Amino acid sequence: MTPRPLLRLTSLAVLVAVAAALLLVSHDLLRAASDPWTSSQTVRPADLLKELSDSKSAPTIVFVGFNRLYTSGHIKGAQNHGMAGNEVGLQELKTWASSLPRSTKLVIYCGCCPMDRCPNLRPAFTVLHELGFTKLHVLILPTDFAVDWADKGYPYDKGQ
């Protein structure tokens, strides 16, 4: 190849690589922009385990996903108050939460699928936030409950 076509080919390869990198970054930024919570309103599994070990300051854990997933495995002590991906489930969650002090420390999670596609977390967080809960957090399970919690040996229960 002559130097000019080689230079064009190299330039094209660099341009394609930069475009691919920008697409990946923009996807993550768009997803983060669509989350109703901030990074300070999230908690990682290992950090939640530490919090749960102190019974005086342990948060209330609320599962907001599908009932079938709750019965097949959920964080020890987690409560299930309706699937937040539909109006009936959201109403159940609101009814349960309405009697709690707004300073109650809550951690919500689902774990049904990759977090960026979860149909339950965002509606649950939005409703609880709008009700005025000031210590509301989302458990970060990027892949799902099985991979990010159960497979790591963290404690969980089965059944109702």
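Before moving on, here are some points about what is shown:
- Ranked by how many other beta carbons lie within 10 Å on average, peptides 122-129, 58-65 from highest: 58-65, 122-129
- Under-5 Å amide H pairs with L136, H placed in peptide plane, nonlocal only: L106
- Here region 124-160 is scanned for amide nitrogen atoms under 13 Å from the site 7 Å beyond the Cα of T71 along Cα-to-Cβ, giving 158-160.
- Counted residue by residue at 0.36 nm each, then reduced by the alpha carbon distance between them, the extension gain from T60 to T126 reaches 22.0 nm.
- When peptides 37-43, 67-73 are ranked by their average number of other Cβ atoms within 10 Å per residue, the highest-first order is 67-73, 37-43.
- For region 92-102, putting each phi into the Karplus relation 6.51 cos²θ - 1.76 cosθ + 1.60 with θ = phi - 60° gives couplings of 4, 4, 4, 4, 4, 6, 4, 8, 8, x, 5 Hz, in residue order, rounded to whole numbers and with x for Gly and Pro.
- Summing +1 for each Lys or Arg and -1 for each Asp or Glu among the other residues whose beta-carbon sits under 12 angstrom from that of C113 gives -2.
- Sorted by Cβ density within 10 Å, fewest first, the residues D54, D144: D54, D144
- W96 paired with C113, simple spin-label distance in nm, labels 7 Å along Cα-to-beta-carbon: 2.2
- Set of lysines with alpha-carbon distance to K50 below 24 Å, sequence-local pairs under 8 removed: K76, K105, K135, K152, K158
Read-outs throughout are calculated quantities, based only on the coordinates presented, and are distinct from any laboratory measurement. Everything numeric in this text was worked out from a predicted model, so none of it was measured. No Cβ is skipped: glycine too gets one built from the backbone with ideal geometry, and neighbour counts run over all protein chains shown.
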